[in-house]
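Remarks on the structure that follows.
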Ligand code: SF4
């Protein structure tokens, strides 16, 4: 592998590096054919366009010429400047906003602006703002005092002012130096131990394969970045070593860091044993699943949401008309997608859901994880459901995720619906789909609906995806009772 001493660092590379050092390295040297498409970058870009669009004013322009003309908003400035060690730093400033000050163009200056998703301002936002701040300072020969961060809250664009401090600039320069070291190395930095980050990363296929092959501790469900460090401290460096240690020894060692670590030592050992031998371990052989086995039929329920505006836009149900043992042909199972086009139309949605639940009164409602019951109960309460009604619905829920966790230790990296369904051999009809992709489809469909009468076909894709989520939940329930 040839190291790259000339590659300019840009905001995209810095962003990647802040998320994961390895990701930045792979962006330069990785085999691009191994990269997966993910919906996250498109969602992020669309969100940015929405936020910036909101900031737009009549007086705007593009590039440095617009700064010279003193436009209020300037888009698309591309800059190059050697911020560290004569290495060129390239900055793509999607938007800057005019403010007071004294720049080379007159009695005004520009401040950097960025859009963020997520609940709070993170290190990534601060450093990117600092970088764009330094680049614009260099151009206008005036120090921007503040940067703006835009984000959406319940469809309203909020603006936060962030002071651009010397501390931020120092942290940025240190980061750029470390990033430079990483990309000059011939070998990639290690796989991050915080594997949650990997779920939305386009390099995950490649990294997952390496982590599994080399028995990384972060592969074990229940072991995050902090626990990897603790285990390393007590001399456990891979899954094999964890699978072989005696429970009392591990507990004794982990207790020193807090009983919360010691208390899950047997769970960690069992999980690593299951993953290293690729075998399922039954934790609770006596558990009876009578409510599943004896039910005359079942409703299976799954929601799709837009988390940015806290909007559950699709409540999908499938109904199994017979006892789970009798159902042979899944293609004939009826799927009912209940759409909630706008947040303020949930009154109508609640009536439809209530009608569906009442039509099949005696049937348990299967779901995977806690999101569905929490959302449905909240919806009912907002719509004035009585406590009697709410209690009756609560009694019908059966959480298949909870049952799996109670009864089985499985050779999977996490206990999410996708991982467990994959373990039992279920495949989604549409490949490489996830909640983010469904959200992207939804937003695109809504946009097509707003713009004209020719709706995109995305709604069908969302229904297929949601239906498959319901069927996956059902198949896991079936697998659970088949193991008895
Ligand atoms: S998959 Fe994970 S380890 Fe690999 S580059 Fe992405 S975030 Fe880093």
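The values are calculated or read from the model by the stated rules, or taken from the named source; none is laboratory data. In this text the structure is predicted, and so the values were computed from the model without any measurement. Ideal geometry is used to build each Cβ from the backbone, glycine not excepted, and the neighbour counts take in all protein chains shown.
Brief remarks on what is shown
- Yes/no for residue 380 being more than 23 Å from residue 270 (Cβ to Cβ), out of contact with any helix residue (DSSP H, G or I) (no Cβ under 8 Å at 6 or more places or on another chain) and touching a residue at least 12 places away in the same chain (Cβ under 8 Å): no
- Which numbered condition residue 191 misses (of (1) under 30 Å from residue 411 (Cβ atoms); (2) in a helix (DSSP H, G or I); (3) within 15 Å of the ligand (Cβ to nearest atom); (4) in contact with a helix residue (DSSP H, G or I) (Cβ under 7 Å, 6 or more places away or on another chain)): (2)
- Restricting 421, 477 to residues that are crowded, with 19+ Cβ neighbours inside 10 Å, under 23 Å from residue 197 (Cα atoms) and either in contact with a helix residue (DSSP H, G or I) (Cβ under 9 Å, 6 or more places away or on another chain) or modelled with pLDDT of 95 or more (or both) narrows the list to 421.
- When each of 390, 398, 377 is tested for being in the same structural domain as residue 476 (by TED's automatic domain parsing), within 23 Å of residue 297 (Cβ to Cβ) and in contact with a strand residue (DSSP E or B) (Cβ under 6 Å, 6 or more places away or on another chain), the lone residue that passes is 398.
- Qualifying residue in region 350-367 (condition: more than 29 Å from residue 404 (Cβ to Cβ) and either in a loop (DSSP other than H, G, I, E, B) or touching a strand residue (DSSP E or B) at 6+ places or on another chain (Cβ under 7 Å) (or both)): yes
- The combined condition, being under 30 Å from the mean Cα position of the chain (by Cα) and at negative phi, is not fulfilled by residue 323.
- Screening residue 324 against (1) outside the structural domain of residue 348 (by TED's automatic domain parsing); (2) within 19 Å of residue 360 (Cα to Cα) leaves a single unmet condition, (1).
- Of all residues in region 99-108 being in contact with a strand residue (DSSP E or B) (Cβ under 6 Å, 6 or more places away or on another chain) and outside any loop (DSSP other than H, G, I, E, B), the one that is nearest to residue 148 (Cα to Cα): 99
- Applying the criterion of being more than 9 Å from the ligand (Cβ to nearest atom) and touching a helix residue (DSSP H, G or I) at 6+ places or on another chain (Cβ under 8 Å) to the residues of region 194-217, the residue that is farthest from residue 34 (Cα to Cα) is 217.
- Residue 54 satisfies every condition listed in (1) modelled with pLDDT under 90; (2) buried (at least 17 other Cβ atoms within 10 Å of the Cβ); (3) more than 16 Å from the ligand (Cβ to nearest atom) except (2).
- Region 222-235, subset at pLDDT 90 or above and within 14 Å of residue 198 (Cβ to Cβ), residue farthest from the ligand (Cβ to nearest atom): 223
- Checking 260, 267 one by one, the residue that is loosely packed, with under 13 Cβ neighbours inside 10 Å, within 25 Å of residue 402 (Cβ to Cβ) and not assigned by TED's automatic domain parsing to the domain that holds residue 322 is 260 and no other.
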